[in-house]
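Here's the structure, in structure tokens; my notes come after.
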Amino acid sequence: MKKTYNLFYEKGKYYLEYSMPENNEGRLIIDEKKMELDSVKLYKMFFEKATESIEIIISNKIDEGNSEQIRKKGMRVCETIQSLCDEICKEINKKCFKE
């Protein structure tokens, strides 16, 4: 199963949302000043309901109308979360969904 989450920026916060219509997972919010995320919410949104081999894609959707600093930070947020998800998916798939 492949899931895509989009990264956006709004009013001092980066947030991730599942890309599918009628999303009921909510948002994973990252405050720009603290640059911290709720790891429990990340797990629940991304991995808790996995019933088969999983792949997470983080897509940077930060608007070009934002400052360069916001876009650069957003790119780092996107890369960091993608790297984290890649490692978690690798372990989940290896331990739970051996083919």
Query - Rg over Rh [alpha-carbon atoms, Kirkwood Rh] for the chain - result: 0.99
Query raised in the report: According to the Cα gyration tensor, what semi-axes, each the square root of 5 times an eigenvalue, does the equivalent ellipsoid of region 34-80 have, listed from largest to smallest in whole Å?
Result: 26, 13, 8
Report task. State, to one decimal in nm, how far the label point of residue 35 lies from the label point of residue 97, with both points 7 Å from Cα in the Cβ direction. Result -> 3.1
Query raised in the report: Could you give the dipole magnitude of region 21-94 about its Cα centre, charging the beta-carbon of Lys and Arg +1 and that of Asp and Glu -1, in debye to the nearest 20?
Result: 200
Report summary line: FRET efficiency (residue 22, residue 52; Cβ distance; R0 22 Å; to 0.05) is 0.60
Report task. For every helix of n ≥ 4 consecutive DSSP H residues, a contribution of -39,500 (n - 2.57) applies; sum these over the chain, divide by its total residues, and give [θ] at 222 nm rounded to the nearest 500 deg cm²/dmol. Result -> -12500 deg cm²/dmol
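Over the chain, with the other protein chains present, what is the accessible area per residue in square angstrom, probe 1.4 angstrom?
68
The values are calculated or read from the model by the stated rules, or taken from the named source; none is laboratory data. Since the structure is predicted, the reported quantities are computational estimates derived from the model, not experimental observations. Glycine gets a Cβ as well: all are built from the backbone with ideal geometry, and neighbour counts include every protein chain shown. When the accessible area is computed, the model is the full protein with side chains, heavy atoms only, and any ligands, DNA or RNA have been set aside. Shrake-Rupley method; radii C 1.70, N 1.55, O 1.52, S 1.80 Å.
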